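K.L.:
Take this structure, written in structure tokens, and hold onto it; I'll ask about it next.
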């Protein structure tokens, strides 16, 4: 009689152990112990933004721009704020204040100078080297009539 009870106890114990082991190993396979490190850099895009260009007291047109930028995730984690709004703000200020933009010849505009200035000013505002590169996704000029037609 004791022998039958011991065999039953052993069968229950092995069934429980097998169930626990199966659950444990399936969970390990779903979530590997070696968690992949977060990528050190990430590419992001700003929303499209418009900058009015005013000459002789009247709006002559709008610069429509969209930027992409590379964020250093390690530095961004230490920064007090995310860089998204700062990039758009600095780009707007740069384009709005630049009197050298020739609307008829945008191809002559120095984009390298602009992107270098944006990187420097955004990183200065954030207090860390968060932005490592800025790219131009879109950069066009629309006259007032073209902008109204686009609406």
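K.L.:
Which of the following residues is free of Cβ contacts under 8 Å to residues at least 12 places away in the same chain and under 30 Å from residue 140 (Cα atoms): 55, 3?
P.N.:
Of the residues listed, the single one that is free of Cβ contacts under 8 Å to residues at least 12 places away in the same chain and under 30 Å from residue 140 (Cα atoms) is 55.
K.L.:
Next up: Taking helices (runs of 4 or more DSSP H) that do not extend beyond region 28-126, which have at least 2 residues that are under 30 Å from residue 147 (Cα atoms)?
P.N.:
84-97, 111-126
K.L.:
For the subset of region 100-140 comprising residues that are over 18 Å from residue 46 (Cβ atoms) and touching a strand residue (DSSP E or B) at 6+ places or on another chain (Cβ under 6 Å), which member is modelled with the lowest pLDDT?
P.N.:
It comes out as 103.
K.L.:
Which of the residues that make up region 117-137 are free of Cβ contacts under 8 Å to residues at least 24 places away in the same chain and under 18 Å from the mean Cα position of the chain (by Cα)?
P.N.:
Correct list: 119, 120, 123.
K.L.:
A follow-up question, please. Right, residue 97: over 15 Å from the mean Cα position of the chain (by Cα) and at pLDDT below 85 or not?
P.N.:
Criteria not met by residue 97.
K.L.:
Can you confirm whether residue 81 is more than 17 Å from residue 45 (Cβ to Cβ), surrounded by 16 or more Cβ atoms within 10 Å (Cβ to Cβ) and in contact (Cβ under 8 Å) with a residue 40 or more places away in the chain?
P.N.:
The answer is no for residue 81.
Residue by residue, here is whether (1) without any contact (Cβ under 8 Å) to a residue 40 or more places away in the chain; (2) closer than 17 Å to residue 52 by Cβ; (3) not assigned by TED's automatic domain parsing to the domain that holds residue 146 holds:
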residue	(1), (2), (3)
65	no, yes, no
69	no, no, no
73	yes, no, no
76	no, no, no
85	yes, no, no
96	no, yes, no
102	yes, yes, no
107	yes, no, no
114	yes, no, no
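K.L.:
Next question, about the same structure. Given the conditions (1) assigned to a helix (DSSP H, G or I); (2) at pLDDT 85 or above, report the number of the one that residue 13 does not fulfil.
P.N.:
All conditions are met except number (2).
The values are calculated or read from the model by the stated rules, or taken from the named source; none is laboratory data. From a predicted model like this one, the values you see are computed outputs, not experimental measurements. Don't worry about glycine lacking a Cβ; one is built from the backbone with ideal geometry, like all the others, and counts go over all protein chains shown.
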